[in-house]
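Here's the structure, in structure tokens; my notes come after.
The values are calculated or read from the model by the stated rules, or taken from the named source; none is laboratory data. Not measured: the values here are computed from a predicted model. Here the Cβ positions follow ideal geometry from the backbone for every residue, glycine too, while neighbour counts run over all protein chains shown. Side chains are part of the model used for accessible areas, which takes the heavy atoms of the whole protein and leaves out ligands, DNA and RNA. Shrake-Rupley method; radii C 1.70, N 1.55, O 1.52, S 1.80 Å.
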Amino acid sequence: MEETKMVMPTVALRGLTVLPKMMIHFDVNRPQSVAAIERAMVSDQKVFLVAQKDAEESAISMDNLYRIGCIARVVQVAKLPHNTSRVMVEGLSRAELKEVKEENPCLVAEIELCGPVVQDVDSVTGEAMLQILKDKTQTYINENMRQAEREDILAKLLLTKNLSDFLERMMQQFPFHYTHRQRIMELDTVSEQYEYLVSVLVTEIEVGRVRREFQEKVKESVDKNQKEYILREQLKVIRKELGEDNTLEDADEYRKKVQELQAKQEVKDRLNKEIDRFKGMPATSPESNVLRTYIETLLELPWDKESTDYEDIHRAEEILNEDHYGLKKVKDRILEYLAVRILSKKGSSSILCLVGPPGTGKTSIARSVARALNKEYVRISLGGVRDEAEIRGHRKTYVGAMPGRLVEGLRQAGVSNPLMLLDEIDKVSSDYKGDTSSALLEVLDSEQNMHFRDHYVELPIDLSRVFFIATANDMQTIPRPLLDRMEIIEINSYTENEKLHIAKDYLVEKQKKRNGIAQKQLVFSNRALEKMIRYYTREAGVRGLERTIGDVCRKAAREFLEGRTSAVRITEANLSKYLGKEKVHFESANAENQVGIVRGLAWTSVGGDTLEIEVNSMPGKGKMLLTGQMGDVMKESAQIALTYVRSVCPEYQVDANYFETHDLHIHIPAGAVPKDGPSAGITMATAMLSAVTGRKVDARVAMTGEVTLRGRVLPIGGLKEKVLAAKKAQVKKVLVPVENRPDIVELSDEITKGLQIVYVKEMKDVLAEAFGAEEAAESEKLTAKEQQSGEKEQTGEKHPACAKEQADGSRE
């Protein structure tokens, strides 16, 4: 009796199953497998072949091996390069794997022979099964094999009369997956092998049918594409002969761009419709060029394309401080605005409007905000824009039509959420073509601008994601409805100290770089910069200062090239050599108190200034003469001041008929400069009363405020610039309306240092401060006289009036 259990060298096969009676060759390269073949060759040439469950796994273990394998005889071994051997084997019988272990240098397995496949079907059933198998096999071969292979295999199989032999030959010759062969080898009865093989054949036949259907569809599609390609090529030739070869190519290119466009379906449908019209038009047609421009404009617009914003408020603060000196309140307000915008995740917040004199950094602040938020920056200049079409665009039916400036700005930015600066919004105007400011109402209204319609584009454009910042020099010229849609941030004039820091930290380096001067070639002293600021420029911002620094840099550059010097240091002493004589002169406070001359404070577009108001009284017929280019509001203030002075003159012992017999002349130098506004009211009233009563006004006092008929003092604006002007004029005391106290509190100590700020509520308070010096001097004189008279009485001297009374008494 043959022993069923045995131990023999083992080879683990990857992606391959060897069946009994099967002749096959394969390559082995794993050292254990090569060693197992060599060990078999030196013994009885038998080796146990078992398939791995996972063909990708290189390690060999019981868990990764099938339980049923095949004992095979090694027929031939051929050595190949790279430590590979090609082995030819012949399958002998099935065996069950009991245990596998490593005996250096190969694997050996303890196996047990399996019995033969049980013939569990009778002859009739076997014949029926064989006939079914032959039919399925013929169907499979006809649908999945080539003609040459088909005849060879059919000739061998159809001659087979035994079911078991047919099953063995099918599994050996058909290109089934190794898992199917493994499953057949594990089955112990003919009926089980038959059922499994039939199911495999049916599945393979169905898979082949589905695969052929797909291939036919692909072939039809390819044939259709080839047909369309041929027709297109013919159409190209025809269009080329007609001189219209570019239109179709452009249309196809536009189609591709529409597919890649990030936009709503409404926009894509409109574009496809216009492209269809464009394709059907001759290239020489004028409307073809119009449509071409329109389609290209729509394709270049960033409909739904957005940039990613930075949401780091600390980085924004660093950038603002890096780009601008001072402006603390402005920076705080912008950072608050950005914080709310970041937290709310919305773009439809209020629109900022930076209002301030020229050169104070409004445009550069907007540029810094764009850099801080990582937004594209677009500047739209509205100065002098009079046509509404500049905002809304022209209808494309007009010759030379184009979109408005806002849509053009979006196309330039390339994203739908840029920062858009509306520069000089206070200088837009209107004419018979339309009102530009009214067109801006829709743009700057966060409730409406999400569906802004440009006349040229004719599709709704979402402007709610755009961060709008407007700039203006004067709010008075902005229409009220437009002003109501913006949040105002005022940027005031710079102090001399702020200008000094800006010049040192920014302007000097900028001008050196612009003029090609090295860092150490040109040095400015602080005193030179201070003198430049005070005596060579007069402005609220720093543009004139930058130009002045540029003048010095250009002259120094010439000296370097001419070889006169290698380095220049600009000091207070040699500044006039480069800039000439001083251009700005400040009128300081008068040294002596005078009658009818009072110093007022005024706001101008280039900062604050002092006005020395002069009033003369002369015999006449009660007229009042006003000179110095006063505006209507200032003339009314003069009339109000005169009425108030006449009402209080009885308190100052002025003759009741004084104003019928005297004329008043009010003059405000300089005569060539226009002046207007109500803030000089208390100054004119004080000067008039001084001229009428002959009282001197304190020369160290400056004042500003509007006066009423009853003598109340009303608040005014531009206080920072006015206080700065008073400080430059070396004034010691400044009178301001009591309602302007919050404005004074907000001023830095740098501005108010050395000034006595006096808050006045009524004209009585103003007059008390203005005439206080003279009244104090008179009281001192009176006190001195009384002391002298007392001394005379003690020494026996008598007052002349007393001596006269004694003489009269003695005569009586």
(Q) For region 589-637, give me every one of the strands (runs of 3 or more DSSP E) that falls completely inside it and has 2 or more residues that are touching an Asp or Glu at 6+ places or on another chain (Cβ under 9 Å) and crowded, with 17+ Cβ neighbours inside 10 Å. (A) 597-604, 607-619
Q. Across region 101-121, what is the number of residues that are open to solvent by 30 Å² or more (accessible area, probe 1.4 Å) and assigned to a strand (DSSP E or B)?
A. 7
Q. Can you name the residue in region 73-88 that is in contact with a helix residue (DSSP H, G or I) (Cβ under 9 Å, 6 or more places away or on another chain) and among the hydrophobic types (A, V, I, L, M, F, W, C) and, of all such residues, is surrounded by the most Cβ atoms within 10 Å (Cβ to Cβ)?
A. Val87
Q: Exactly one condition in (1) under 37 Å from the mean Cα position of the chain (by Cα); (2) acidic (Asp, Glu); (3) open to solvent by 60 Å² or more (accessible area, probe 1.4 Å); (4) within 26 Å of Ala602 (Cα to Cα) is not met by Asp505; state its number.
A: (4)
Q: Give the residue that is modelled with the lowest pLDDT, with candidates limited to residues of region 219-261 that are touching a Ser or Thr at 6+ places or on another chain (Cβ under 9 Å) and farther than 16 Å from Glu296 by Cβ.
A: Glu244
Q | Total residues in region 666-699, condition open to solvent by 10 Å² or more (accessible area, probe 1.4 Å) and more than 23 Å from Tyr652 (Cα to Cα) | A | 12
Q: Go through region 398-436 and count every residue that is part of a loop (DSSP other than H, G, I, E, B) and without any contact (Cβ under 8 Å) to a residue 12 or more places away in the chain.
A: 4
Q) How many of the residues making up region 647-656 are among the β-branched types (Val, Ile, Thr) and assigned to a helix (DSSP H, G or I)? A) 1
Q | Scan of region 453-485 for residues that are within 23 Å of the chain's Cα centre (by Cα) and among the aromatic types (Phe, Trp, Tyr), ordered by number | A | Phe467, Phe468
Q. Is it the case that region 796-808 has a residue that's modelled with pLDDT of 90 or more, farther than 23 Å from Val595 by Cα, open to solvent by 100 Å² or more (accessible area, probe 1.4 Å) and not in a loop (DSSP other than H, G, I, E, B)?
A. no
Q.
Take Ala573 and tell me if it is outside any strand (DSSP E or B) and open to solvent by less than 70 Å² (accessible area, probe 1.4 Å).
A. no
(Q) Just to verify a result, which residue in region 359-382, among those that are within 24 Å of Ser438 (Cα to Cα) and open to solvent by 40 Å² or more (accessible area, probe 1.4 Å), is modelled with the lowest pLDDT? (A) Ser381
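Per-residue answers, yes or no, for (1) in contact (Cβ under 8 Å) with a residue 24 or more places away in the chain; (2) among the hydroxyl-bearing types (Ser, Thr, Tyr):
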position: Asp276; (1), (2): no, no
position: Ser285; (1), (2): no, yes
position: Asn289; (1), (2): no, no
position: Ile295; (1), (2): yes, no
position: His324; (1), (2): yes, no
position: Lys329; (1), (2): yes, no
position: Leu335; (1), (2): no, no
position: Ala339; (1), (2): yes, no
Q: Would you mention how many residues in region 513-551 are more than 20 Å from Leu500 (Cβ to Cβ) and either in contact (Cβ under 8 Å) with a residue 40 or more places away in the chain or buried (at least 16 other Cβ atoms within 10 Å of the Cβ) (or both)?
A: 5
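Of the residues that sit in region 575-597 and are of a type outside the set (Ser, Thr, Tyr) and without any contact (Cβ under 8 Å) to a residue 40 or more places away in the chain, which one is farthest from Ala685 (Cα to Cα)? Give the derivation first.
Our first condition is that a residue be of a type outside the set (Ser, Thr, Tyr); within region 575-597, this holds for 575, 577, 579-587, 589-597.
Cutting the leftovers down to without any contact (Cβ under 8 Å) to a residue 40 or more places away in the chain gives us 577, 580-581.
Numbers: Lys577: 46, Gly580: 41, Lys581: 38 Å.
Taking the candidates together, the pick is Lys577.
In region 49-63, which residues are of a type outside the set (A, V, I, L, M, F, W, C), outside any strand (DSSP E or B) and either touching a Leu at 6+ places or on another chain (Cβ under 8 Å) or open to solvent by less than 20 Å² (accessible area, probe 1.4 Å) (or both)?
Lys53
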Q: Look through Leu352, Leu327 and report the one residue that is under 21 Å from Ala472 (Cβ atoms), at pLDDT below 85 and open to solvent by less than 30 Å² (accessible area, probe 1.4 Å).
A: Leu327
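Which of the residues that make up region 552-569 are open to solvent by less than 50 Å² (accessible area, probe 1.4 Å) and either closer than 24 Å to Ala540 by Cα or in a loop (DSSP other than H, G, I, E, B) (or both)?
Within region 552-569, Val552, Cys553, Thr565 qualify.
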Q | Top-ranked residue in region 718-747 [being in contact with a strand residue (DSSP E or B) (Cβ under 7 Å, 6 or more places away or on another chain) and open to solvent by 30 Å² or more (accessible area, probe 1.4 Å); ranked as nearest to Thr360 (Cα to Cα)] | A | Arg741
Q: Return yes when Thr17 is touching a residue at least 60 places away in the same chain (Cβ under 8 Å) and in a strand (DSSP E or B) and no when it is not.
A: no
Q.
When the residues of region 409-458 are narrowed to those that are surrounded by fewer than 20 Cβ atoms within 10 Å (Cβ to Cβ) and among the hydroxyl-bearing types (Ser, Thr, Tyr), which ends up nearest to Arg367 (Cα to Cα)?
A. Ser446
Q | Qualifying strands (runs of 3 or more DSSP E) (wholly inside region 657-743; at least 3 residues being touching a residue at least 40 places away in the same chain (Cβ under 8 Å)) | A | 662-667, 701-703
Q: Give the residues of region 212-235 that are open to solvent by 100 Å² or more (accessible area, probe 1.4 Å) and under 30 Å from Tyr140 (Cβ atoms), sorted by residue number.
A: Phe214, Gln215, Glu216, Lys217, Lys219, Glu220
Q: Would you point out the residue of region 397-408, among those that are buried (at least 18 other Cβ atoms within 10 Å of the Cβ) and in contact with a Phe, Trp or Tyr (Cβ under 8 Å, 6 or more places away or on another chain), that is nearest to Leu444 (Cα to Cα)?
A: Leu406
Q | Unique residue being among the small types (Gly, Ala, Ser) and closer than 16 Å to Gln76 by Cβ when the list is Ala51, Ala40 | A | Ala40
Q | Arg547 being assigned to a helix (DSSP H, G or I) and more than 37 Å from the chain's Cα centre (by Cα) | A | no
